[in-house]
1. Would you confirm whether any residue within region 340-352 is within 20 Å of the chain's Cα centre (by Cα), modelled with pLDDT of 90 or more and over 30 Å from Glu115 (Cα atoms)?
2. In region 64-93, what residues are without any contact (Cβ under 8 Å) to a residue 60 or more places away in the chain, over 23 Å from the mean Cα position of the chain (by Cα) and within 18 Å of Lys454 (Cβ to Cβ)?
3. One residue is enough: does region 131-149 have a residue meeting the conditions in contact with a strand residue (DSSP E or B) (Cβ under 6 Å, 6 or more places away or on another chain), modelled with pLDDT of 85 or more and not in a helix (DSSP H, G or I)?
4. Would you please name the residue that is farthest from Asn529 (Cα to Cα), looking only at residues in region 59-79 that are of a type in the set (Val, Ile, Thr) and touching a helix residue (DSSP H, G or I) at 6+ places or on another chain (Cβ under 7 Å)?
5. Being modelled with pLDDT under 95, in contact with a strand residue (DSSP E or B) (Cβ under 7 Å, 6 or more places away or on another chain) and surrounded by 20 or more Cβ atoms within 10 Å (Cβ to Cβ) narrows it down to one of Ile532, Ile501, so name that one.
6. If you scan region 151-172, which residues turn out to be in a loop (DSSP other than H, G, I, E, B) and at pLDDT 85 or above?
Amino acid sequence: MEIIIPIYPILALLVLILVALKIFDVFVILVLQPFVLTRRLKKQGISGPKYRILYGNIGEIQKMKRESQLSILDPTSNDVFSRVLPHYRQWMSLYGETFLYWSGTEPRICISDPELAKEVLSSKLGFFVKSQLRPEIIKLVGIKGLVFVEGADWVRHRKILNPAFSMDKLKNMANVMVACTFKMLKEWKEERSKEETEQSKIKKDMNREFQRLTADIIATAAFGSSYVEGVEVFRSQIELKKCCKNLLTSLFIPGTQYLPTPLRFRIWKLERKMDNSIKRIVSSRLQSESDCGDDLLGILLKAYKTEENKRKMSIEEITHECRTFFFAGHETTSNLLTWTTMLLCLHQDWQEKLRDEIFKVCGKEKTPDSETFSKLKLVMFVFKRAQSEIMFLVVEETCLYILQMNMVIMESLRLYGPVSALSREASVNVKVGHLEIPKGTTIVIPLLKMHSDKSLWGPDADKFNPMRFENGVSRAAKHPNALLAFSVGPRACIGQTFVMIEAKTVLTMILQRFRLRISSEYKHAPMDNLTIQPQYGLPVMLLPLED
């Protein structure tokens, strides 16, 4: 006699079990894990704002940032930490400089001790990896670019890209920087001749001007002869950034990035447009009978055109590296130039010091070129990683122009560095100093706080004082790693020398021709817009020196 087992009740039971397991997983993620981790860290003396199910502390962060953006600071005040990162300021006052907070269900520990920061950033054992970022950020930079790849892939990418930032290549790029800057200055001159302004003054939003200029330089340095197509790529990325910005402050729920909303459709369209433009440039270069070129793209394509079974870089990786170079190079330098210009406007004595040294070395009319930079020893004022510290090589200490220009730029990076914070995720349970960090926890290093800490920089930490860098970065503060504008360790910014030369080139050419004055319309309101930017721009009056 056959025994008939009803199938439907069994299926229903299995479904019920699966649903129960899924509910339990959700319970663990949303409730149990935060509870256990909070208690574990509290035993180490680490506390923080109360965790809220699903949202964590995102609501509090949004509220404090909205309120802070309503304030306007005194232009002479460089104490911008509380405006840019108001939640960090408040939580540090309540829980101490090391505290725990939650970005949704992601635990984050904020540390501002330079020794602990150095330990995290200098780790070569893979204990700390780039923290998981929102899909929107990854779309801007490219997940297979140097910023996000890990392990052997990172070593391979870094080795391929290193020649692009060698001193010989940077000398050639200096000519590109000069040509692009000269084009901008020529446009200013033509505008001046068309307008009858009081005392021939020119008013410019320097933040916008520097964004245009650095985009021009990056497009030329990356794509060379394919410049026009390169600019099109850049425009798509700028528009993509605007779209993604609207999503970054909202709660992220995995899977929502695939919802077909109008904004998502726009993001997908822009991403495809950007990648397709890069691929067309790549295809054109590969089909050309001539060499791949001497620009960044050419260096990447030489890595692609090896024997197929030994190919060092794929087309997709090349596309993502181009995205990375555009985003990182443009944002970093335009912001550095913006804030340095603001500081020189407010401190006319330092503006005159730099101009005097420029005139002594370059004269009033000579346009700097690679030969000029060689004479100035500018390209020799480079970063060198030695014993996990950023050191400076100054061949001629009597070359005051180099020393003074560098001191001003480093002080600008200290007070208004482009990045407000760095983050790394613990890939395993790991000990940092006296802290035991659980796997999956993100460590956040608030650079703005470290760079304005009076215990590190002295009682004048909130003042503009370039002389603190007179003996180099490692001696400027009480800790050699107190300044982390370009990070430190194996993943320090590969383009830091490029950025420094570009900033010096542009400032040299502007100061040769103009005296800078801050406009009365300027509102001092630094804000975190992926990078630290002036909320209302930087209106500056440019007074031609020949007048």
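The values are calculated or read from the model by the stated rules, or taken from the named source; none is laboratory data. Fair warning: this is a prediction, and the values are worked out from it, not measured in the lab. Using ideal geometry, Cβ is built from the backbone for each residue, glycine included, and neighbour counts are taken over all protein chains shown.
1. Yes, region 340-352 has at least one match.
2. Ser93 - this is the single residue of region 64-93 that is without any contact (Cβ under 8 Å) to a residue 60 or more places away in the chain, over 23 Å from the mean Cα position of the chain (by Cα) and within 18 Å of Lys454 (Cβ to Cβ).
3. Checked against the condition, which is being in contact with a strand residue (DSSP E or B) (Cβ under 6 Å, 6 or more places away or on another chain), modelled with pLDDT of 85 or more and not in a helix (DSSP H, G or I), region 131-149 yields no hits at all.
4. The qualifying residue farthest from Asn529 (Cα to Cα) is Thr76.
5. After ruling out the rest, the residue left standing is Ile532.
6. Answer for region 151-172, where residues must be in a loop (DSSP other than H, G, I, E, B) and at pLDDT 85 or above: there is none.
So that you can scan it fast, the table gives a plain yes or no per residue for (1) modelled with pLDDT of 55 or more; (2) touching a strand residue (DSSP E or B) at 6+ places or on another chain (Cβ under 7 Å); (3) not aromatic (Phe, Trp, Tyr):
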{"residue": "Tyr401", "(1), (2), (3)": "no, no, no"}
{"residue": "Ser412", "(1), (2), (3)": "yes, no, yes"}
{"residue": "Arg424", "(1), (2), (3)": "yes, yes, yes"}
{"residue": "Ser427", "(1), (2), (3)": "yes, yes, yes"}
{"residue": "His451", "(1), (2), (3)": "yes, no, yes"}
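Here is a yes/no grid of residues against (1) more than 18 Å from the chain's Cα centre (by Cα); (2) surrounded by 19 or more Cβ atoms within 10 Å (Cβ to Cβ):
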{"site": "Ala477", "(1), (2)": "yes, yes"}
{"site": "Ala485", "(1), (2)": "no, yes"}
{"site": "Ala492", "(1), (2)": "no, no"}
{"site": "Pro526", "(1), (2)": "no, yes"}
